[in-house]
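Structure record follows, encoded as structure tokens.
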Amino acid sequence: MYAPEPVSPPADPRRDLVDLQYEEVSKTRTAVLNRELVRMRDEGWTVQLAGDHLVASRREEGLSQVERVLIRVGGFLAFAIAAAILLPDAVASLPISKFAFLGGAAALGGALAFLTRRKAAGDRRVTVSVDGHGRPFVADQGNRDL
């Protein structure tokens with residue numbers, strides 16, 4: 001004896017074309033997000049599904065902001081000291097003192113390090129969503145400096 005087959009419910013007359021299109025779009029969006037989730041995990045991202053989009057983050061390589069400031073200030077100070085040693089007449093002819101020249105070089109190095117801070121190491125976060133045509137797009141949430 002066989003188990004009785006379940007009776008399929010009759011087609012809902014209220015289901016119209018819009019409902020069917022919504023289901024198709026939802027399935028397409030889910031499939032695209034799943035593909036992006038797998039691809040990003042393979043690339044080393046930490047990915048989480050948050051509603052109808054993905055939130056991914058990963059550690060970006062680079063120097064911390066403190067390291068970058070020290071390197072820039074040290075480099076400009078070394079350049080200024082080398083200029084004072086190799087070209088003492090040119091440095092002496094400047095309308096500022098030698099200490100002001102060295103301080104200006106250090107300040108210039110610090111200012112350049114501050115202006116280029118976007119390239120420092122940090123955690124990069126992106127959001128991946130699906131547009132109306134079923135294509136993934138990425139919105140960059142920025143880079144948090146250390």
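The values are calculated or read from the model by the stated rules, or taken from the named source; none is laboratory data. Since we're looking at a predicted model, the values are computed, not measured. Positions of Cβ are generated from backbone atoms using ideal geometry, with glycine treated the same way; all protein chains shown enter the neighbour counts.
So here's what we get for this one:
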{"quantity": "Enumeration of residues in the range 56-104 that are on the phi < 0 side of the Ramachandran plot and either basic (Lys, Arg) or touching a strand residue (DSSP E or B) at 6+ places or on another chain (Cβ under 8 Å) (or both)", "calculated": "56, 57, 58, 59, 60, 64, 65, 68, 72, 98"}
{"quantity": "Condition met for residue 61 (of a type in the set (D, E, K, R) and under 15 Å from the mean Cα position of the chain (by Cα))", "calculated": "yes"}
{"quantity": "Any chance residue 110 is under 27 Å from the mean Cα position of the chain (by Cα) and outside the structural domain of residue 24 (by TED's automatic domain parsing)", "calculated": "yes"}
{"quantity": "Filter result for the condition that a residue is out of contact with any Asp or Glu (no Cβ under 9 Å at 6 or more places or on another chain) and either modelled with pLDDT under 80 or surrounded by 11 or more Cβ atoms within 10 Å (Cβ to Cβ) (or both), over 80, 120, 139, 90", "calculated": "80"}
{"quantity": "Matching option when the condition is loosely packed, with under 11 Cβ neighbours inside 10 Å and on the phi < 0 side of the Ramachandran plot, among 52, 42", "calculated": "42"}
{"quantity": "Of all residues making up the range 61-111, the number that are closer than 30 Å to residue 123 by Cβ and among the charged types (D, E, K, R)", "calculated": "4"}
{"quantity": "Condition met for residue 56 (among the aliphatic types (A, V, I, L, M) and either in contact with a Leu (Cβ under 7 Å, 6 or more places away or on another chain) or not assigned by TED's automatic domain parsing to the domain that holds residue 139 (or both))", "calculated": "no"}
